[in-house]
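Working notes for the structure below.
The values are calculated or read from the model by the stated rules, or taken from the named source; none is laboratory data. What you see is a predicted model, and the numbers here were worked out from it, not measured in a lab. Please note: Cβ atoms are built from the backbone with ideal geometry, for glycine as well, and neighbour counts cover all protein chains shown.
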Amino acid sequence: MAESMWLKMRQAREAMAQGRLEEAEERLREPLQKGYWRAFRLARKLAQAYVVRVQRSLCSGQYASAWQDLLRAEELHPGNPSLAELRAKLTEREMRRFRAMLGRRDLEEAVRVLDRLSQRKVSFDLLEPLYELVRDYSQVLQSAQRGQFEEAWQQYKRLAVPEWFTAEYQALREELQQRRAQFESALPRLLQAVRNGDHEAVILAAEQVLAAAPDYRHAQELHVQSWQALRQLPVALASPPSGAGSPRTLTHVPSARSVSALPLSRPTPLPTPARTLPHPPAGIPSRLLLWVHHVGAYLVCLNNGVSIGGHGYDHPPAIPICADLPRCQAEFCFDSEGFWLETSHNNVFLNGRRVQQTSDLLRDGDRITLGDTCELHFLQPHPLFQTAVLRITSGHRLPLAIDAVILMGQQVVLGRHAHAHIPLPRPVNGHSPPGDLCLCRSTEGLGVRVPDGEQFTIRWGQQAQTHSGWGIVHPGSIVEWTFCSFTLETDHDLRL
């Protein structure tokens, strides 16, 4: 038996000399159990070899391997003076990730980080208040999502806030106050629109309520019912007839009193219709560069599926960003219901929550994070047109100097008001335009529409043609109106 133990220790020594540390540990297991003192001395050397490998893994960013080797070293020689320092470094890195996930409001990932730390024998006295913080923070967010702002405020005041969470805590306070004010301002307008039977006003007010409380069930139901009712009308929402007859009435919509009296329980999810992408109109390119003189440059994407990812690939995405991203990090999809995100990657976040393959419909003001650092702001400034504006807020950029990306629905509005997709500056002569200039889709291609009675000129090379009210515009042409001018170019020659 002693000869067998001697052979196992010799094999362990040879394996350790050749860098096969796991094999050396396996060979030492039985001699250690038997209490051979030479085995304990060899175990201390093996623990030091694991320490060296942990340090090497830390330098190369292989943190999972570093944790595994650290736990093995602690089991072999708990008294090694280097282990406490290495454990502190690895734990601090995991804590930074936990704080980042909490800041993004990815609470599921934050809990997974704490679970990993617990499995790696981090003191429960350190982890227990963090588990409680995640639980209480989640309750605050869920109450606010449902429109229960008084309950959310009481939960907020009970939060046990560590010093490093102070900034997020103050930001949450301001957000709750703003959302509550917006909710309490929009809800009476929604109820008044229900009383008046005005579908358009119901939709606008419901969207304002849902912007403050996305899970407020009654606003969701009213919004869906009004859209369904409007689709049955012969006239489009964006073009109401002049001199309309009797007021329209809502069908199957609860009265204002019943809406206000209903309890704010957890909403049941509304059925989501199957999303199908319509074919883009013929004759319209997939991307255009819109240079609005004295305003800025915009990348206009006209497909119903717009990919976004990193720049520098042989086949770049529709929106190439100069960032450490794969070629197609995600895709913005669009149909008559609105925009949503699709992705096959696990590091795409919508308002701090990880997107699992397909997101919910995007709303005005949503924050999108691609990878670790690339952040975008999704805006839909005009409530009647499903055109969206993407602005990069993280300091990254596109290959060209682009001010924003426009995901074009039916039309893009250029005007001097808050609902314009492209805001125009104040005219030098002080005269305001009589209305908006709109870039529109049509069966003939892209067109330009200005207010009735207004004229504009389209220049193409050496040719120029004046239009009144409406005209078809082609890539490479210049549109001149009294209050603004812009150039349309394809992206082929610019190698975007």
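Values as computed for the structure displayed
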item	result
Every residue from region 434-463 that is assigned to a strand (DSSP E or B) and hydroxyl-bearing (Ser, Thr, Tyr)	442, 457
Qualifying residues in region 338-394 (those that are in contact with a strand residue (DSSP E or B) (Cβ under 8 Å, 6 or more places away or on another chain) and basic (Lys, Arg)) - the one farthest from residue 323 (Cα to Cα)	363
Every residue from region 69-79 that is in contact with a Lys or Arg (Cβ under 9 Å, 6 or more places away or on another chain) and farther than 19 Å from residue 123 by Cβ	69, 76, 77
Yes/no for residue 306 being closer than 20 Å to residue 101 by Cα and crowded, with 20+ Cβ neighbours inside 10 Å	no
Residue match in region 29-52 (condition: of a type in the set (Asp, Glu) and either outside any helix (DSSP H, G or I) or at pLDDT below 85 (or both))	yes
Unique residue being free of Cβ contacts under 8 Å to residues at least 12 places away in the same chain and among the acidic types (Asp, Glu) when the list is 168, 132, 200, 128	128
Complete set of residues in region 391-402 that are on the phi > 0 side of the Ramachandran plot and among the basic types (Lys, Arg)	none
Residue ID - surrounded by the fewest Cβ atoms within 10 Å (Cβ to Cβ), chosen from residues in region 443-456 that are under 40 Å from the mean Cα position of the chain (by Cα) and within 23 Å of residue 423 (Cα to Cα)	452
Matching residues in region 396-405 - criterion: being surrounded by fewer than 22 Cβ atoms within 10 Å (Cβ to Cβ) and among the β-branched types (Val, Ile, Thr)	402
Unique match (being among the hydroxyl-bearing types (Ser, Thr, Tyr) and surrounded by 21 or more Cβ atoms within 10 Å (Cβ to Cβ)) among 387, 393	387
Count of residues meeting criterion [under 15 Å from residue 290 (Cα atoms) and at pLDDT below 90] in region 424-440	1
Output for region 311-325, where each listed residue is surrounded by fewer than 21 Cβ atoms within 10 Å (Cβ to Cβ) and either modelled with pLDDT of 90 or more or of a type in the set (Asp, Glu) (or both)	314, 317, 324
Matching residues in region 1-41 - criterion: being among the aromatic types (Phe, Trp, Tyr) and more than 54 Å from the chain's Cα centre (by Cα)	6, 36, 37
Pairs with Cβ under 9 Å, 6+ apart, first in region 284-307 and more than 17 Å from residue 389 (Cβ to Cβ), second among the hydroxyl-bearing types (Ser, Thr, Tyr) and part of a loop (DSSP other than H, G, I, E, B)	285/490
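Let's see how each residue does on (1) farther than 24 Å from residue 79 by Cβ; (2) among the hydroxyl-bearing types (Ser, Thr, Tyr):
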| position | (1), (2) |
| --- | --- |
| 4 | yes, yes |
| 14 | yes, no |
| 35 | no, no |
| 43 | no, no |
